[in-house]
Each structure stands twice: as C-alpha cells, then as structure tokens.
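For reference, the structure discussed in these notes is given below.
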Amino acid sequence: MPEGVNYETIGGIAVLRVDNPPVNALSPHVRLALNELIRKADADPSVRGVVLTGTGKVFIAGADLKLINMPRTGPTIGDLLAYVEAMRKPVVAAMQGSALGGGFEIALGCHARVALSGIRVGLPETTLGLIPGAGGTQRLPRLVGAATALDMIVSGRHLPAEEALRLGAVDAVVENGLMETACAWVDRLLAGEALPRARDRHPLGAAATIEDARADVDRKAAELAKDGAVSTAEAIATVAHTLDRDFDEALIHEGEAFTRLRTGPVAQARIHAFLAERAARHVRGVDRDTPRQPVRTIAVIGAGTMGGGIAITLASAGYSVCVVDANPQTIDAAKQRIGRAYGDLVARGRMSTEAAETALSRLRWFSGLAEGVAEADLVIEAVYEDMGLKKQIFADLSRLAPEHAILASNTSYQDIDALARETARPERVVGMHYFSPANVMKLLEVVRGAATSAETLATVLDVARKTGKIPVVVGVCYGFVGNRMLWQRTVQTQKLLLEGCSPREIDTVLTDFGFRMGPCQMQDLAGVDVAWRLRKARGERMEPVDTIADAGRWGQKTGKGYYLYPEGTRSPVDDPELTAIVTGVAERLGVRRRHVDREEIQRRLLFPLINEGFRVVEEGIVERPGDIDVVYLYGYGWPRDKGGPMHHAEACGLKAVADDLDRMADMLGDEELRPARLLRELAEAGGSLAEAGARAD
Ligand code: 3H9
C-alpha cells in the first residue's frame, strides 16, 4: 500500500484520503500514491467513481515547501490531472479543509468540487514568489473568468468557500455531510452525458466575447502590474494564454514559468521566510504541554511612547491594563496619545467605535507602583534605558507584585539576568523587547534569561501571539539580536559619510535593495539626538553624527538632520550645509574623501551586520539562523524578496561574503570586520547555514 494516501471503497465509490501530516503537502510519496491509487480505482470494475479528500484541518496545502529544492522524482500532479481528465469515471474533490496551491489545483482538475463551509481555498503561490504550477493558471480562468482568476492568483488570497462557490470555482458548499454530498455528485455526474472538465470551458467569465474578456484581462493586468513583482508579470503572461493558446501548449508555458520562478532568488527568499517564521515557533523546552499561567491583568510601567504603544496592543487584545507612571503630565500626555491612536484606527476603518471604546475602558492609570501592580499577572517595565532605575524597579516589583506575577523588561539592550538577580523570582523574569511604534510593529524579541522558566516563556509567548505579535526567542547579550547586528550598520554608515558618501547615496542603496527607508532617513525620523544624549552621558563620541547633533540638527523634529525638511514636510531634501559639516569633520579626523561606488556601499552596510549575525548563531543567542531572518523581516523592514540577512548571505555565497569581509578589514584596518569563526568555517568547507541550523537544533 503506498504511503501518504489511504484508500477504501464505500458503496462502489473509491475514497482516496490524503494523510500526510501536518498539512497534507504534496511530498514525492504523496504524488506517487495519488498517481498509483487513481489508476487502481480506475482499473477496478466494482468502482464507479472516486472521491478525493484529506484528513485533518487541511485538504492539501500544496507543494511540499520543505522539499521544493530537491530534484524532481516520480510522477507529478500534472500527470495525475492529465489522467483524471481522461478518465470515464467521475472524480470529485471533497474539501474538508483548506485547499491551497497545488491542493486547490488538484480540485480544479477533478470533475466536480464540493467543500465544507468555513474552509478556504486559493492559489497563494505568488505570495511565495511563484505562480501556480499544476494547471491552476489555465483551469481557474476557465471556471471563474480570466480577469477574476488573475486577481485571485496575483493577490494569492485564501477565499472563503462560499465566495469560491459564488465565483464558480467550487460547485457546492455544505454545512455537514460532505462525503454523502460528494458521493451524490459522483452519481449525478454518471447520470450526465459527459464529464465536465475545466479544460473544455471558455475563460470568458462575465464577458460576452473573447475580445471583451481580453480587454478585462488587460485592464486587470495594468492595475496589478504596478506591484512590480516578477511573479505578477509571469502570472499575467500565463493567464493571458487561456485566451490565445491551446490548453496543453499553455500548460507547457506555465510549467516553464513555474520552474524559472522556483529556482529564482525571489521564490527562494520568500519560501525561506515562510518556513523560517514557522520554525521560529518551535522553542527549546517549550511545547503544547508546557503549563501556562493565566494572564488577565497586565501592568505597564512607564507611560512614555513605548509604554503607551504596549498598552494599546494589550488593551486591543482584551487584556485589562494598568499603566503606571509617577509623573501626572506623562500620564496625561499618554492618555491623549492613546485616545488619538484609537481615533485614527476608527477613522481609517480599522476598528469600530464600539471596539475602540471597549479597549479604552480596559485601561486604568496609576501613579503609585504598589497600587498599579497589585492585581497584575504580568508586569512589563518600559521606562527609559537607565539600568540603575530598571534595577530599582525590579527590586520593588519583587516585593510589590503578586507572587505569581511574571516580571518582564522592555529593555532594548540591558542584561535581563542582572535584572533577575534583583528579584526573589528569577525564573519569572524575562525580556519583552517591543519595537517602535509598539502598537504597529509585529516583532517581539522575547529574551530568555539564564533562570527564565519554560512556564514563563510559554506564558509570554502566548500573550505575544494573542496580541498579534511575532515573537522570536533570543538569549541575553548587549542589544540582543536585532540591535546588536544593526550597530554594525550604524558604524559603517558613519564611516561611509566621512569617506565621501552623501546621506542620499547611502539611503538610496538600501531603498533600491528593498528597504522602505535608509539609515540616515531613519535616524532623522527617530531623532538624531537620542543616541547622542546617551553617548554624552557615557563620555563617548561618534562622528560625524555627534557633530551633526551638536549643530542642533536632530532630524524631522528640528526641521533638519541628515536632510532638510522644509516647513511642514516630511520629505527629505539634500542639504549642502550638511556636506560642509561632514567634510569639516573628515578633515579634522584626517579621513581621505573619495568616491565610493554603490556596490561597496551595499556590501559595507550589509556584510558586517550579517557577520555579527554569524556571531549571534555561534554564541547560541538564537536557536537557529532563520530566527535572525524573522527578526529582520518583522522588526527592521528587511525586504521579504531578500529573505533576511542570513538568507542573503547564503544567496551571495558564504565564501564571497567571508572574502569580502577580509578585504574590508584590510582596507579599513579594522580587525572586528574579520569573518566570524562560523562564517569562516562554513565558507572554507563549502558548507551552508542550513547545516549550522541543524547543528543548533
Ligand atoms: C505550490 O503548491 C506549487 C504548486 O502550484 C505546484 C506544485 C504542485 N509544505 O502554517 P502552519 C508546515 S506552492 C511543507 O503553522 P496553520 C509548516 O512549516 C505552495 N510544509 O499551520 C509547519 O511545520 P512545522 C502553496 C508546510 O494551521 C506546519 O506545516 N501553498 C507547508 O497555521 C504547520 O504550518 C501555500 O502557500 C507546505 N506547503 O496553517 C500554503 N505548509 O510543524 C502554505 C505548511 O515543522 N501553508 N507547512 O513547524 C499555509 O498557508 C498554512 O500552513 C496552512 C495551515 C493555512 C495550510
């Protein structure tokens, strides 16, 4: 009996049930089994038709993404569907769970499709940088019309079954009795004259003529092509073939386009990102059975920008939130800011007035720590980065918060273990590093201290997910993962400015790479003075940024920073005065100014940051390299098409990255730029990060 698909006959109908946990992906053994068992059913004279279904919550999730780079072996889904379409016995898809990608394409190749109400169907391949590769670009347009199909394919939307029924992609949706309905469809089809096949239909949709259909597709294509994605361009070209090419010829084109995309950099990056996100959910020592503490009330200490953002996130998710701040003015300002934030959400249609009012009613305000934390199950400290103050707060919390309460710090840099030592409950101390604005940014670095218990981690991870965050568990080190690595980019940005680059040149290299903003614009937005003040307090200096800050150029808030911001605008304008300041500093420090080309700028901004990522992996600060990519995708705007810093290193070639870092170290006389041990080892051995990940697991 082939594996991955169960076979039984019920009243003369063969039922093929895909059973390949967790999501019934089309792994090679499943493709083999489907191809074998459909032939078995066809050859059995006691079988009059076939129902194809799945087990669990998913019908079939499509191609097996974990194996997508393996050499192709055995029969394909294309082979299966060609066989089904040539059969004289009806084959009905009974979708008991979500049917996505190749899974939905199988359903489209069957003679009829019935679905359980509440499930979703769709062709999400473009979200992975692909297009449907098992006939979806040809069969879906023939069922719903070419323009509608194009929209579904480019958006990659998972449609509710009811919507798919309305569009014609599904033939019936039932609340229950799915198998009975599917079997009834087998007999209904047998009673007809010929079996319906998607390939025999015209992709007209609502259009009356083929010319109208073509005009609809052109209009839709013009609108969709704006996203500039390669997969969109391929989808447009491929779907358009439904109108001017023979079905089989168009399938060949689809197959070629699919392979081109699958082996290309964007799909590799996006598939990596998809899997890395899921892998990051597996946390050492924590599983479904790990006990969780119930959390209803959360105290947030500090009503500044961070504390306010965190409070919004928690209140919106249904927690009762106590905000504590000794300064009544800070509380007043926070109340106003939070009120405005909810007002904005309502105005933009993101939240109903009622939901916003309910969320606001979950917030309570306190000036005293003792009263504010009296009922807390979890306390999140979000005061400014002063370790002395934080230590004092943790010592106080240890006395004042209920014994069971978890104590978390939102620190961006400081040692969680040192904070834990201030308390009598180190196992219930953890880091929750939110990113600004905390109510918008998805990433949460959850910092596991030396003593943090599995129960504490599991509880905090649940809170993070309930509030819509993407938590990544990291270990203790200065700046954790994201900020520790980013520091390397900051250092290179400053050096490049001194060596002769303008802020615009630096920023443009990164926006062309796919970031929404470059480092100079980012600092202008966040405030050039923030780090300057911290350095001043420590008696440190960094150039040219501190001279820029000395000149009162603090960014957008002062109308000038790295750029000029003419009255009332946020669009940066180049400023010759800035160039003069930077040139002056370079002269003073004896830095020779030269032309730095774009390629060098990109490597200088990215490779040292990536190198630090290798050190982070080496030190076990993350469980696997992919966790770093998740941090950068959700906390630092790393473009998804580039998969994250560690994926980017792999895509560039680890040897090329290591060699370049050596060149940089020689050129700049900076030994810190030498490749990290792990990077050097992998580069020399011709190894890959996936192996390093496996070792970390
Ligand atoms: C395609 O089909 C190409 C075709 O056109 C041509 C060829 C036929 N493969 O998301 P979850 C794993 S392209 C392998 O947390 P949920 C996932 O990594 C594909 N593994 O579950 C995780 O593993 P682990 C087009 C997969 O219940 C586990 O399953 N299809 C795949 O929240 C649970 O995942 C898609 O884009 C896969 N395809 O959501 C659909 N999918 O346990 C992709 C998931 O080791 N999948 N895993 O951490 C999804 O959107 C969601 O997984 C789904 C379930 C909605 C199905």
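The values are calculated or read from the model by the stated rules, or taken from the named source; none is laboratory data. These numbers come from a predicted model, not from an experiment. No Cβ is skipped: glycine too gets one built from the backbone with ideal geometry, and neighbour counts run over all protein chains shown. The accessibility values were calculated without ligands, DNA or RNA, using every heavy atom of the protein model including side chains. Shrake-Rupley method; radii C 1.70, N 1.55, O 1.52, S 1.80 Å.
Alpha carbon centre of segment 564-589 versus segment 103-131: separation in Å?
Taking the Cα centre of segment 103-131 as reference, the centre of segment 564-589 is 53 Å away.
Among S398, V622, T73, whose Cα sits farthest toward the positive end of the charge dipole of the chain (+1 at Cβ of Lys/Arg, -1 at Cβ of Asp/Glu, about the Cα centre)?
It is S398.
Per DSSP helix of 4 or more residues, -39500 (n - 2.57); summed, then divided by the residues of the chain. What does that give at 222 nm, rounded to the nearest 500?
-15500 deg cm²/dmol
Output the peptides 263-272, 569-578 sorted from most to least packed, where packing is the average of other Cβ atoms within 10 Å over each peptide's residues. Could you put the intermediate results ahead of the total?
Numbers: 263-272: 20.1, 569-578: 13.7.
Highest to lowest by the protection proxy: 263-272, 569-578.
For segment 297-474, what are Rg and Dmax over the alpha carbons, in angstrom?
Cα only, segment 297-474: 15.1, 46 Å (Rg, Dmax).
Could you please state how large a percent of the accessible area of the chain is carbon and sulfur, counting protein chains only and using a 1.4 Å probe? Let's see the in-between values first.
On the way: 15590 of 29710 Å².
Percent of accessible area from carbon and sulfur atoms in the chain: 52.
Normalised by the number of residues in the chain, what is the relative contact order in percent for Cα pairs under 8 Å and 6+ residues apart? Can you show the working numbers first?
Working: 1301 pairs, mean separation 59.6, N = 697.
Computed over the chain, the figure is 9 percent.
Decide, for segment 79-181, between rounded, prolate and oblate: order the square roots of the alpha carbon gyration tensor eigenvalues as a ≥ b ≥ c, take rounded if a/c falls under 1.5, and otherwise choose prolate if a/b is larger than b/c, else oblate.
Numbers: a/c = 1.73, a/b = 1.16, b/c = 1.49.
Note, shape of segment 79-181 comes out oblate.
Any chance you could get the radius of gyration and Dmax over the Cα atoms of segment 488-549, in Å?
My reading of the Cα-based Rg and Dmax gives 11.9, 36 Å.
Rounded to the nearest 5, what % of DSSP beta bridges with both residues in the chain are antiparallel? List each step's numbers first, then the result.
Working: 16 of 63 bridges.
In the chain, DSSP labels about 25 percent of beta bridges as antiparallel.
What whole-number distance in Å separates the alpha-carbon centres of segment 368-421 and segment 305-347?
Cα centres, segment 368-421 to segment 305-347: 19 Å.
Could you give the dipole magnitude of the chain about its Cα centre, charging the beta-carbon of Lys and Arg +1 and that of Asp and Glu -1, in debye to the nearest 20?
Magnitude of the dipole: close to 700 debye.
Expressed in whole Å with the largest first, what are the equivalent ellipsoid semi-axes of segment 1-150 derived from the C-alpha gyration tensor as the square root of 5 times each eigenvalue?
On the way: eigenvalues 101, 62, 44 Å².
Ellipsoid half-lengths, sorted descending, are 23, 18, 15 Å.
In Å and on Cα atoms, what radius of gyration and Dmax does segment 587-661 show?
Just the Cα atoms of segment 587-661 yield Rg and Dmax of 14.5, 45 Å.
Ignoring ligands, DNA and RNA, what accessible area per residue does segment 5-263 give at 1.4 Å, in Å²? Working shown, then result.
Values: 10680 Å² over 259 residues.
For segment 5-263, the per-residue accessible area is 41 Å².
At each listed q (0.21, 0.22 Å⁻¹), what is the log10 of I(q)/I(0) that the Debye formula gives for segment 252-373 modelled as equal alpha-carbon point scatterers?
Here the Debye-derived log intensity ratios amount to -1.07, -1.12.
Please give the FRET efficiency for R201 paired with R284, using the beta carbon to beta carbon distance and R0 = 45 Å, rounded to the nearest 0.05. Don't jump to the answer; show the numbers that get you there.
Working: r = 52 Å, r/R0 = 1.16.
With a Förster radius of 45 Å, E is 0.30.
In Å and whole numbers, how far do the C-alpha atoms of segment 497-635 stretch along each principal axis, longest first?
Per principal axis, max minus min of the Cα coordinates gives 46, 37, 35 Å.
What distance in nm separates the two pseudo spin-label positions at E691 and A215, each 7 Å out from Cα along the beta-carbon direction?
The answer from the label model is 6.1 nm.
Quick one: plug the Kirkwood hydrodynamic radius of the chain (C-alpha pairs) into Stokes-Einstein at 25 °C, 0.890 mPa s, and report D in µm²/s.
Working: Rh = 28.4 Å.
Translational D for this selection: 86 µm²/s.
Quick one: Cα convex hull volume of segment 5-263, Å³ per residue? Provide the component values of the computation, followed by the final result.
On the way: hull volume 29.4 nm³, N = 259.
So the per-residue Cα hull volume is 114 Å³.
Using r as the Cβ-Cβ distance of Q392 and H595, and R0 as 56 Å, what FRET efficiency do you calculate, to the nearest 0.05? Mind dumping the intermediate values first?
On the way: r = 52 Å, r/R0 = 0.92.
Plugging the Cβ-Cβ distance into 1/(1 + (r/R0)^6) gives 0.60.
Could you tell me the distance between the Cα centroids of segment 596-626 and segment 453-516, to the nearest Å?
A separation of 11 Å, based on Cα centres.
For segment 184-302, state what percent of all Cα-Cα pairs lands in each successive 5 Å bin, counting from 0 Å until the bin that includes the largest distance.
2, 8, 11, 11, 12, 10, 9, 8, 8, 7, 6, 5, 2, 0, 0
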